[in-house]
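The values are calculated or read from the model by the stated rules, or taken from the named source; none is laboratory data. Model, not experiment: these values are computed from the prediction. Note: ideal-geometry Cβ built from the backbone for every residue, glycine included; neighbour counts use all protein chains shown. Ligands, DNA and RNA are stripped out before the accessible areas are found, and what is left, the full protein with its side chains, is counted by its heavy atoms. Shrake-Rupley method; radii C 1.70, N 1.55, O 1.52, S 1.80 Å.
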Amino acid sequence: MREAGLVVAEALDRVRAMAAPGVTTADMADVVAEVFRRHNAKPLFLGYPANEKGKPPFPAVICASVNEQVVHGIPNRRPLRDGDIVSIDTGCSLNGWCGDSAVTLAIGTPSAEAKKLLDVTLETLNLAIRAMGRCNYWSEVASLMDRYVKSQGFYVVEKFVGHGIGQAMHEEPQVPNFVSKSLIKHDIKLEPGLVLAVEPMVSVGTKDVRTLSDGWTVETKDRRPSAHFEHTVAITHEGIRVLTLKDDDSSSGAQSPTPTIATTA
Ligand code: MG
Ligand code: MG
């Protein structure tokens, strides 16, 4: 899974490096497809889900969600503009094992509000990763995430959640970014061997979302901005390991925590 995670990290690094006004999300998808091809990695988003009634297969190797779009946006040929924010989510499998990660990028100069949204969402992911090293149950982590977002005046999107990941991209359990009713009933014990895709989605004005008529794109109901960061995170006997983060990564948008964090409790 680390090998798959590094390919995903490389793909998102390439996207980060090209994020500028005038670039399109279709350009970004092309670059990610090229990285996956070069590594012989299988894109996990293209054609997803294989055979689900009433759901068109996703048509690209990345989800690209701009501004008020939360997740599952479809890449297109509209040039990104100065001040846009764009969430890029992608995953691949390598030798049968999966990696899944997402980043939200500012195009040109973001507004103060957008900048804060990106900072808060990334910190929500990072505080969750740190907390996984010392909490016994996911509900403790989810509570910290939700409380932090609220303390910043923003909203955790509740309709979509993280997930277990392994030989399939989406495995049990569901991993909410807040303390859901089902989490109270079926909490997730955090123990070595567990690998989770942790992926907070945070919005400026509301947690409520709707899906557009393309069958995929999810946007906020108030059409104000939303951001999304994700890492594939393993709990090991040596501590927490962020499988989709390069060891030497200190670039913005994926900085801290160090990939291996000693468990303190
Ligand atoms: Mg993802
Ligand atoms: Mg995911």
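Taking Ser111 as the residue in question, decide whether it is open to solvent by 40 Å² or more (accessible area, probe 1.4 Å) and of a type in the set (Ser, Thr, Tyr).
yes
Identify, by number, the condition in (1) away from ligand 1 (no atom under 16 Å from the Cβ); (2) in contact with a strand residue (DSSP E or B) (Cβ under 9 Å, 6 or more places away or on another chain); (3) open to solvent by 40 Å² or more (accessible area, probe 1.4 Å) that Lys185 doesn't meet.
Tallying (1) away from ligand 1 (no atom under 16 Å from the Cβ); (2) in contact with a strand residue (DSSP E or B) (Cβ under 9 Å, 6 or more places away or on another chain); (3) open to solvent by 40 Å² or more (accessible area, probe 1.4 Å), Lys185 fails exactly one: (2).
Scanning region 63-108 for residues that are open to solvent by less than 10 Å² (accessible area, probe 1.4 Å), in a loop (DSSP other than H, G, I, E, B) and in contact with a Ser or Thr (Cβ under 9 Å, 6 or more places away or on another chain), which turns out nearest to ligand 2 (Cβ to nearest atom)?
My answer is Gly73.
For the subset of region 164-182 comprising residues that are touching a residue at least 60 places away in the same chain (Cβ under 8 Å) and within 13 Å of ligand 2 (Cβ to nearest atom), which member is most open to solvent (accessible area, probe 1.4 Å)?
Ala168
Tell me which residues, restricted to region 217-265, are in a loop (DSSP other than H, G, I, E, B), of a type in the set (Ser, Thr, Tyr) and at pLDDT 65 or above.
Hits for region 217-265 are Thr217, Thr244.
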